[in-house]
Amino acid sequence: APDALALTAVSVEHGTTTRFTWRELGTMADRIAVGLARLGVGRNDVVSCQLPNWWQFSLMYLACSRIGAVMNPLMHIFRERELSFMLAHGASKVAVVPATFRGFDYAKMLDGLKPSLPALQHVLVIGGTGENSFEARLTTPHWERDPDAARILTAGRPGPDDVTQLIYT
């Protein structure tokens, strides 16, 4: 049922509702996966996501699984102390954060942490502007139409014994 509803995300903060059919969900997951690969993310690379319960969280998980990247979900309540340890320990290559959530500036916090995290190559900001915008880097370009998309989406798929998540508790 590719045209049946797969995901509904309601943002109370922004007053928006976003819906994905199964087909749209698959297309967006592929798009984000190829976009991540274009940023240098590959099999076993760690992608950290400090996100609330937004649609981008679910799509990041699906995208990471398509290219064999390791998803590292981080609670949105964590701040510099916890994040500096987790991002360094996991050697996160990419971190995805909201521009702001509940009045807190996540982009500013990550900008402050980035110099002390040598593995962290990209901080992508949902609702950001400029070159670090999640939307501009991952969801707006139609990466799934890239000539190398099929190869990218199959070459790194995880096997049954591969690590797919890194979770700190």
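For an R0 of 41 angstrom, estimate the FRET efficiency from the Cβ-Cβ distance between Ala88 and Trp22 and round to the nearest 0.05. Before the final figure, lay out each step's value.
Values: r = 37 Å, r/R0 = 0.91.
The calculated FRET efficiency here is 0.65.
So how much slack lies between Asp111 and Asp3, counting 0.36 nm per residue of separation and subtracting their Cα-Cα distance, in nm?
Details: separation 108, 0.36 × 108 = 38.88 nm, distance 3.97 nm.
Extra length available between Asp111 and Asp3 comes to 34.9 nm.
What length, rounded to one decimal in nm, is gained on full extension from Arg43 through to Glu135, with 0.36 nm per residue of separation minus their alpha-carbon distance? Before the final figure, lay out the partial values.
Details: separation 92, 0.36 × 92 = 33.12 nm, distance 2.27 nm.
Value of the extension gain: 30.9 nm.
How high is the relative contact order of the range 1-73, in percent, with contacts defined as C-alpha pairs under 8 Å that are six or more residues apart? The partial results should precede the final answer.
Details: 100 pairs, mean separation 22.1, N = 73.
30 percent.
In Å², what does the accessible area per residue of the range 1-148 work out to with a 1.4 Å probe? Each step should come with its number before you reach the end.
Numbers: 7160 Å² over 148 residues.
Result: 48 Å² per residue.
To the nearest 0.05, what FRET efficiency results for Val12 and Arg79 with a Förster distance of 22 Å applied to their C-beta separation?
The computed FRET efficiency comes out at 0.45.
Probe radius 1.4 Å, ligands and nucleic acids ignored: give me the carbon and sulfur share of the accessible area of the chain as a rounded percent. Let's see the in-between values first.
Details: 4730 of 8700 Å².
Ligands and nucleic acids excluded, carbon and sulfur reach 54 percent.
Just report the Cα centroid separation between the range 1-63 and the range 93-169, whole Å.
11 Å
How large is ³J(HN,Hα), in whole Hz, for each residue of the range 49-56 in order, when computed from phi with the Karplus curve 6.51 cos²θ - 1.76 cosθ + 1.60 and θ = phi - 60°, using x for Gly and Pro?
The phi angles translate into 10, 9, 10, x, 6, 10, 4, 4 Hz.
Show the residues, 5+ positions off or on another chain, whose built amide H is closer than 5 Å to the amide H of Ala69.
The list, which skips near neighbours in sequence, is Asn44.
Defining a contact as two alpha carbons under 8 Å apart and six or more residues distant in sequence, what relative contact order in percent does the range 38-168 show? Please list the in-between numbers first.
Numbers: 205 pairs, mean separation 40.6, N = 131.
Relative contact order for the range 38-168 comes out at 31 percent.
To check you understand DSSP bridge types, tell me what percent of the beta bridges within the range 43-169 (both residues inside) are antiparallel, rounded to 5. It would help to have the intermediate numbers written out before the result.
Working: 2 of 17 bridges.
Here the antiparallel bridges make up roughly 10 percent for the range 43-169.
Starting from the Kirkwood Rh over alpha-carbon pairs, what translational D in µm² s⁻¹ does the range 75-169 have by Stokes-Einstein at 10 °C and 1.306 mPa s? All intermediate terms of the calculation are to be shown ahead of the outcome.
Working: Rh = 15.2 Å.
The calculation lands on 105 µm²/s.
Restricting to DSSP H runs of at least four residues, report the calculated mean residue ellipticity at 222 nm for the chain, -39500 (n - 2.57) per run over all residues, nearest 500 deg cm²/dmol.
Rounded to the nearest 500, it is -10000 deg cm²/dmol.
Take peptides 152-165, 116-129, 71-84, 23-36 and line them up by average Cβ neighbours within 10 Å, highest first, as a rough protection proxy. Walk me through the numbers on the way to the answer.
Numbers: 152-165: 12.9, 116-129: 17.9, 71-84: 15.9, 23-36: 21.3.
In decreasing order of mean packing, 152-165, 116-129, 71-84, 23-36 become 23-36, 116-129, 71-84, 152-165.
Pull up all non-local amide H partners of Val96: gap of 5 or more, or a different chain, and H-to-H distance under 5 Å with H placed in the peptide plane.
Residues meeting the amide H criterion: Ser48, Cys49, Gln50, Leu124.
Within a Cβ distance under 14 Å of Ala88, other residues only, what is the Lys/Arg minus Asp/Glu net charge? Let's see the in-between values first.
Working: positive: Arg81, Lys93, Lys114; negative: Glu80, Glu82.
It works out to a net charge of +1.
The values are calculated or read from the model by the stated rules, or taken from the named source; none is laboratory data. Fair warning: this is a prediction, and the values are worked out from it, not measured in the lab. Cβ sites come from the backbone with ideal geometry, for glycine too, and all protein chains shown count toward neighbours. What goes into the accessible areas is simple: the full protein's heavy atoms, side chains included, and nothing from ligands, DNA or RNA. Shrake-Rupley method; radii C 1.70, N 1.55, O 1.52, S 1.80 Å.
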